1. Please order LYS114, LYS317 by the number of other Cβ within 10 Å, starting at the fewest.
2. Compute the label zone of VAL180 within segment 85-102: residues whose backbone N is under 13 Å from the point 7 Å along Cα-to-Cβ.
3. What number results when the radius of gyration of segment 1-107, computed over Cα atoms, is divided by 2.2 N^0.38 Å?
4. Between HIS463 and residues 5 or more places away or on another chain, which pairs have amide H atoms under 5 Å apart, with H built 1.01 Å from N, and which residues are they?
5. Treating only the Cβ atoms of Lys and Arg (+1) and Asp and Glu (-1) as charged, compute the dipole magnitude of the chain about its Cα centre; round to the nearest 20 debye.
6. Using θ = phi - 60° and the Karplus relation 6.51 cos²θ - 1.76 cosθ + 1.60, list the HN-Hα couplings for segment 40-46 in order, rounded to whole Hz, with x at every Gly or Pro.
7. Out of residues 5 or more away from ILE378 or on other chains, whose amide H comes under 5 Å of its own, with H placed 1.01 Å from N in the peptide plane?
8. Using a Förster distance of 30 Å, how high is the FRET efficiency between ALA172 and ASP443, based on the Cβ-Cβ distance and rounded to 0.05?
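Bear in mind these aren't lab numbers, they're just calculated from the coordinates by the rules spelled out. Given the structure is predicted, the values throughout are model-derived calculations rather than measurements. Heads up, the Cβs are rebuilt from the backbone with ideal geometry, glycines too, and the neighbour counts pull from every protein chain shown.
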Amino acid sequence: MVAGKGWHRAFRDLPREHGFEPLAVEGALPEDLRGTLYRVGPAIFSTFGRPYRHWFDADAGIMAARIGDGAAAGASRVVVSDDLARERAAGRQLYAGYGTPGPSWRRRLGGAAKNTGNTNLLAWGERLYALYEAGPPIAVDRGDLRARGETSLGGLVTDHLSAHPHRLPGRAATYNFAIVYGRVTYLEVYEFPDVGAGGRRLASIPLPWPPLVHDCILSADHMILHLPPLRLRALKQYLGLGVFEDNLEWEPERGSLFLVIPLDDPERPIFLETEACFTWHFANAYADGGELVVDLVRYPDFATDRWLVGLLNGAPKEAPTGTFYRARLDLDARRVAWEERWPRLCEFPTVADAVAGTRHRYVYMAAHSSAEAGRRGIQDRLCRLDVDTGEAIEVDLGDGHFPSEALFVARPQARAEDDGYLLPLVYDAGSDRSYVAVLDAADLEAGPRARLWFDHHIPFTFHGVWTPG
């Protein structure tokens, strides 16, 4: 098989739903790896015979791999959201999506897209939630992976919640946000303590324009967001005139903003002006003297959206343009200094949970082996970037093997941020099956210590969580 080819076969509907059943283990599982990997992503690519026009619109599928005692069991199901259940009951499409128009006879006032739950997962307390930023969380049963319906989390979330929660170990809490579009657009900030029955809304902050913001990041004392010059035409969206993607305008003359929110004084945010750029995902942030250091994948514009559409169609017209950057935010001088730290195409940056909000050394990412590989399709490498030295160690999992985001799982009593395992979900185009790879984070070049094989393919997932035990 030619490298970079065959990945598009993963953009087919999840072929089989099942509860936990044994996975074939190739290699040897580490004895100290015990817990469950959950991942979610788009998994049903059409609605009643009509293909979705954007990857973000596909109905969700959730997978799980339960690991322990040298064995593994896997499960996989479609997330039947409340909206999908209504469509199935009606026998027809009812809703628009991010890039897919709804039925011509139906205009959804308020402009809300279908809530698929296909982007990320929140493990809070003993519960698991599927997240999609156009809707409220969807409760998912950890035992059988079946969706149990939308939830307001005890009345806290009124309409929707971002799909990118982040936990701060130093505060024993998870933080998230929501953007509420309207005549004035607001950013709402939420805190979910590890212990206790409920979360709380920390602040509601007016924004200078209605931007698309996908992710946030946390230092020990701040929530940080990047507001790109990508403005939503909110009135047209509210009236149902065009889908969300159609109503986004790139306005580089605005420049962009970093929004810094002190967690102990969230009603007093700080805005820092910088040049026009876009980001989907952050890696980490921490305080360094009087500055905040923010690591992220930066794009010069929003052309990445066209690449995402091309993936769904199996024919990207161009390569993505996201590379790894460090931004230094001087809060006193209100200045931002940028430095590109790795020039290769990359995405889905993660760090060890233990260093979240503090100084880190290693960032784990999915990457392209070359710009040409980016033009051919999806990421084909995993990478560990040493941000102190600039050294990047890459791993090729095999010809025709394409990894999703890799989660880092620390060993018990780990003393270093590479003392643990990387767990990506990988699609093998040759066998048309998917597996969870288990790699030693400190020795990536050795390749997987184990591969946990499903007997079917799983469409590419976006994000996930690991729950120990």
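1. If I rank by nearby Cβ atoms, fewest first, I get LYS317, LYS114.
2. Under cut-off, by backbone N: nothing.
3. 1.36
4. Excluding prolines and chain starts, which carry no amide H, the hits are VAL40.
5. Charge dipole, the chain, about its Cα centre: 1620 debye, nearest 20.
6. 9, x, x, 9, 10, 9, 8
7. none
8. 0.40
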